[in-house]
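Asks: For reference, the structure I am asking about is given below.
The values are calculated or read from the model by the stated rules, or taken from the named source; none is laboratory data. Not measured: the values here are computed from a predicted model. Here the Cβ positions follow ideal geometry from the backbone for every residue, glycine too, while neighbour counts run over all protein chains shown. The accessibility values were calculated without ligands, DNA or RNA, using every heavy atom of the protein model including side chains. Shrake-Rupley method; radii C 1.70, N 1.55, O 1.52, S 1.80 Å.
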Amino acid sequence: MWLVRPARPDDLQSILEIAGAQGARLSSTLPKQEEALARKIEHSQASFAGANDPELPPRFLFVLEDTRTGTLHGTAGIDSRAGNGQPFYNYRRDALIHASHELGISRRVEVLYPSHGLTDRTLLCSFTTRPERVGTEAFELLSRARMLFIAEHRSWFGSRMVVEIQGVQHENGRVPFWDSLGRHFFNMDFQAADQYSSLLSKTFIAELMPPNPIYVTLLSPEAQAALGQPHRLTVPNLELLQREGFQAGNYLDIFDAGPVLEARTDTLRTLVTSHRKTLHGSHDDSGETCLIAGGEGSGFRCTLARATDTLEGDVRVPVETWHLLEKSAGDTVRMAPL
């Protein structure tokens, strides 16, 4: 069975393997260095336990486990505040009108403004899976389990949410937007800049990037075409988030110009359709497949199981699901349809 639970220190090597397997194909806010990842897991554990340093906003890291083998197949994260106490940089896409009354010319010019307008919104991040899991029920469980966690701990998170989707990157590692803009100011390739971002934060961008608006027409044609476009390998995640209720707005990732999705937290599909119900046992595996979550904080668990409603409005699930969630008859769980 599949289980989403908080990451633990003994998951470190498995998470490094998953992150490293992405190679140059996909970037991630997940550190690929052991020491940095260990700190991230430690911070996450403190956040789940409600024991965070007041100076450090809560950050949560979940893993997807195959309980039959104990193997981890993916990670997913939530930052309660984008930027984690520092500015969260993006480009805001807008336009200027250049006109001359004497010449009778008026032209609309697209412009990118450096912005930290999304700072402190709740951020979904660190979503990484083994390739064979993409598009499966386990893939959806890993992403949407975070929504059930948010529903169960609503006061911990903001009223608006964002998620960055990786932009266009070619198999040879070329990133059109970065190569046309960022490389000129940072004197490093995309992989190095992305690694600095995952290890540190994006605040170093403010020290090196020009604070002035960027005229899109001055970028290479390939970079212009990449604006707001997702990496082909992120399309399944993008489509899943769109079904959840996220939509692309006017913001772009500052490194690769990938789309930044936005949503109102309380309108997300999983939050709207989820309900708390009392748990009862079932002797068969009948019913509809649902996401079922139990536990608070570090005791949070989420899985997929077939469930049937009782006449009293409670829910019956196989007893093995109880054990997986570390729950028993009469306990309360939160459910959402798959």
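Asks: Would you mind telling me which numbered condition in (1) within 19 Å of the chain's Cα centre (by Cα); (2) at pLDDT 90 or above Pro176 fails?
Replies: If we test Pro176 against (1) within 19 Å of the chain's Cα centre (by Cα); (2) at pLDDT 90 or above, just (1) comes out false.
Asks: Suppose we keep only residues that are open to solvent by less than 10 Å² (accessible area, probe 1.4 Å) and assigned to a strand (DSSP E or B) within region 271-304. Which one would you say is nearest to Leu241 (Cα to Cα)?
Replies: Result: Leu291.
Asks: I'd like the full set of residues that are in contact with a strand residue (DSSP E or B) (Cβ under 9 Å, 6 or more places away or on another chain) and free of Cβ contacts under 8 Å to residues at least 40 places away in the same chain, limited to region 107-131. Break it down stepwise before answering.
Replies: Narrowing region 107-131 to residues in contact with a strand residue (DSSP E or B) (Cβ under 9 Å, 6 or more places away or on another chain): 107-118, 121-130.
Scanning region 107-131 gives Arg107, Arg108, His116.
Asks: Whether any residue in region 246-255 is modelled with pLDDT of 90 or more and surrounded by fewer than 14 Cβ atoms within 10 Å (Cβ to Cβ) is what I want to check.
Replies: yes
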